[in-house]
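Peer 1: Here you go, one structure.
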Amino acid sequence: SNRQKCIDSGMDDYLNKPVTQGQLRVILNRWLADEEAESPAALVLDSDGFSALGDSTVLASIDQHALHEIRQLDASSGAVVLREIVVSYCASSTKLMLQLRSAVADNNSQLVAQLAHSLKGASGQLGATLLASLCADMIVSAAQNDMGKLEAQFERVAVEHCAVLAGLEKALQNMAA
């Protein structure tokens, strides 16, 4: 089955389209329960790191339509499910970025491809379309074993990842307003 293929390839879980809110809640509860113990604190942005980025630049890194679609599935008051998804993405994508940095430094193109693939999927679902396409570029370079290119691409991914985290935080603030 598709589900088994996904699990075998290293995915943590699988959800069929069309996604119902009930299914989404079950899966989120399953995974967020494990993270409750080490739940990351509210996202704190490095003030000088983002002083040059205006709101419009930051928000342009996130396709608001994708967030809106997740919000439509979320009947909870105050966008609780969406908030959980965003907080979970911030934690997991940051961990992936650290692993990706190491894999590039170690010239491990196979691992780079795997990590970039994971980051691409998660980012695409939240509407971080530029970040997802930069990850796709890294997957191509990894397949060609072009380590020089991968180093430059990683730097670009790192900058965009920061913009995405800032954009997601801004989107959550707007939703709370």
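Yes or no, residue by residue, for (1) surrounded by fewer than 20 Cβ atoms within 10 Å (Cβ to Cβ); (2) in contact (Cβ under 8 Å) with a residue 24 or more places away in the chain:
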| site | (1), (2) |
| --- | --- |
| VAL86 | no, yes |
| SER92 | yes, yes |
| ALA105 | yes, no |
| GLY121 | yes, no |
| ALA143 | yes, yes |
| GLY148 | yes, no |
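Peer 1: Does CYS90 meet the test of being part of a helix (DSSP H, G or I) and under 28 Å from ASP8 (Cβ atoms)? Lay out the reasoning, then the answer.
Peer 2: Working: part of a helix (DSSP H, G or I): yes; under 28 Å from ASP8 (Cβ atoms): yes.
Yes: the conditions hold for CYS90.
Peer 1: Can you say whether GLY127 is among the small types (Gly, Ala, Ser), closer than 22 Å to ASP8 by Cα, modelled with pLDDT under 95 and open to solvent by less than 50 Å² (accessible area, probe 1.4 Å), as far as the supplied structure shows? Lay out the reasoning, then the answer.
Peer 2: Working: among the small types (Gly, Ala, Ser): yes; closer than 22 Å to ASP8 by Cα: no; modelled with pLDDT under 95: yes; open to solvent by less than 50 Å² (accessible area, probe 1.4 Å): yes.
Judged against the criteria, GLY127 is not a match.
The values are calculated or read from the model by the stated rules, or taken from the named source; none is laboratory data. Computed from a predicted structure; not experimentally measured. Every residue, glycine as well, gets a Cβ built from its backbone with ideal geometry; the counts of neighbours run over all protein chains shown. What goes into the accessible areas is simple: the full protein's heavy atoms, side chains included, and nothing from ligands, DNA or RNA. Shrake-Rupley method; radii C 1.70, N 1.55, O 1.52, S 1.80 Å.
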